[in-house]
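The values are calculated or read from the model by the stated rules, or taken from the named source; none is laboratory data. Keep in mind that this is a model prediction, so the values were computed, not measured. When we count neighbours, we look across all protein chains shown, and the Cβ atoms used for this are built from the backbone with ideal geometry, even at glycine.
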Amino acid sequence: MSQQEINIASISGLLDALGNPNAMVRAATLQAIAQYPEKASSLAEKDNINLFSELGKLRDKPTETGIRTSYVHALLSLDDRQVPGMAKEEFLATDNTDIILLTASKLATLAAEERIAFLAPVIMAATSQTKSRAAANLLSNCLNLPVALAIRVAIISDHRVVSAPLNDNNLHAWLTELQGQYPRKTRKILLAKEDGSFLALLDHWEILPGPIKLWAFNEAIKLDPKEHASLICTVLRQEESSELLCAALAASESLARSENDDEMVAALTRHPDPHVRAMAIESCGLKLDLTSMLQHEPADQVRVAIIEQMGRSQQAENLALLGRMLEDSNWRIRVATTSAMVALAPDSIPLLQKLVLHHKPSVKAAAMQALQKSGQGSWLNTQLSTL
């Protein structure tokens, strides 16, 4: 039924249309009220009827759940002192996006202090992203917001909001957001600030939670690790997190290290995490007792790192042990050993030639491959032709 077919010439006709069993008729009537609120109110006043009250009663009927948005739209259009209160109630109670946006437009007319007092709990509770975002947009132009609230508004509002620089007084508020519901947006805002906030965060390194340390460290060394050499050393000396230590070990490769720094890295070859041990060996391998480490290391990942360092060492005394490593059951160990043997040529050639006659096919194959890569293809072909 079109709007023209709805009789709004009298309040009785209006109420009859709102009582029509056809929901489409009721919705069209509410639309007409929202479009012409002065006319509808005038008709009601002539008959001493409080249109706001009548619409409120009808809105709350169970049968009207499906068109509640239309009721809210109509109620908000009326010039009634109860509208702001109703807008607040609907805003808090609903999960309907349309109603949230409709009531938000009315809440925008409230005085700044009243808006802040009403919306601050909604924003900080963040039980509904749509509602919190709408509330933040309503406070985005308010001055003198409490620090924690201002930071949250800056994070979730659609508008650009200037937040306070990170300092001793608001560190807790920033840390709360970095670990809260919007960590990615918080990180983005913190990195984009040109007031030294990110560096101020690093200044509080000792009290930062683990996940924030890992993120902040990776961001700090992303452009130039040399600018954060002291932070890298701090991590290598003090931190226990495997992820953080591995990141610091990787970053330390670009630094000019002192003897003390090498000792600090060498200490990590005894770390309980094999990944950290392997990276520490790769970082300072030539200054370690690789032979002893290989004999006592249980983790294959670390043994591979040790063997790779032996290949770089150019020390022939490791050859006997490497020859035994070709018998290992782990193919990764055998592959790493084969590469190390190639790197140690020509010193490794005599041993490899002997291993071609080994009784284990895997050892024999590895030796042949190493000889081929070491430029001993002619010798190998001659040897094979005699077998």
Helices (runs of 4 or more DSSP H) wholly inside region 249-302 containing at least 1 residues that are within 27 Å of Arg334 (Cβ to Cβ) and not hydrophobic (A, V, I, L, M, F, W, C): 274-284, 290-296
Filter pass, Leu110 being buried (at least 21 other Cβ atoms within 10 Å of the Cβ) and either closer than 23 Å to Asp95 by Cα or touching a Ser or Thr at 6+ places or on another chain (Cβ under 6 Å) (or both): no
Among the candidates Glu240, Glu253, residue that is without any contact (Cβ under 8 Å) to a residue 40 or more places away in the chain, over 21 Å from Arg187 (Cα atoms) and within 25 Å of the chain's Cα centre (by Cα): Glu240
Residues of region 260-282 satisfying the condition of being of a type outside the set (A, V, I, L, M), over 22 Å from Glu317 (Cβ atoms) and surrounded by fewer than 21 Cβ atoms within 10 Å (Cβ to Cβ): Asn260, Asp261, Glu263, Arg270, His271, Pro272, Asp273, Pro274, His275
Unique residue being among the hydrophobic types (A, V, I, L, M, F, W, C), assigned to a helix (DSSP H, G or I) and more than 36 Å from the chain's Cα centre (by Cα) when the list is Ala27, Ala104: Ala27
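Yes/no matrix, rows are residues, columns are (1) out of contact with any Leu (no Cβ under 7 Å at 6 or more places or on another chain); (2) at pLDDT below 95; (3) not acidic (Asp, Glu):
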residue: Met1; (1), (2), (3): yes, yes, yes
residue: Gln4; (1), (2), (3): yes, yes, yes
residue: Pro21; (1), (2), (3): yes, yes, yes
residue: Arg26; (1), (2), (3): no, yes, yes
residue: Leu43; (1), (2), (3): no, yes, yes
residue: Asn48; (1), (2), (3): yes, yes, yes
residue: Glu64; (1), (2), (3): no, yes, no
residue: Leu76; (1), (2), (3): no, no, yes
Spans of helices (runs of 4 or more DSSP H) in region 303-364 with at least 2 residues under 46 Å from the mean Cα position of the chain (by Cα) and buried (at least 16 other Cβ atoms within 10 Å of the Cβ): 319-325, 331-343
Out of Ala27, Ala40, Ala34, sole residue that is surrounded by 14 or more Cβ atoms within 10 Å (Cβ to Cβ) and free of Cβ contacts under 8 Å to residues at least 40 places away in the same chain: Ala40
Filter result (outside any helix (DSSP H, G or I) and either touching a residue at least 40 places away in the same chain (Cβ under 8 Å) or not acidic (Asp, Glu) (or both)) within region 180-224: Gly180, Gln181, Tyr182, Lys193, Gly196, His204, Leu208, Pro209
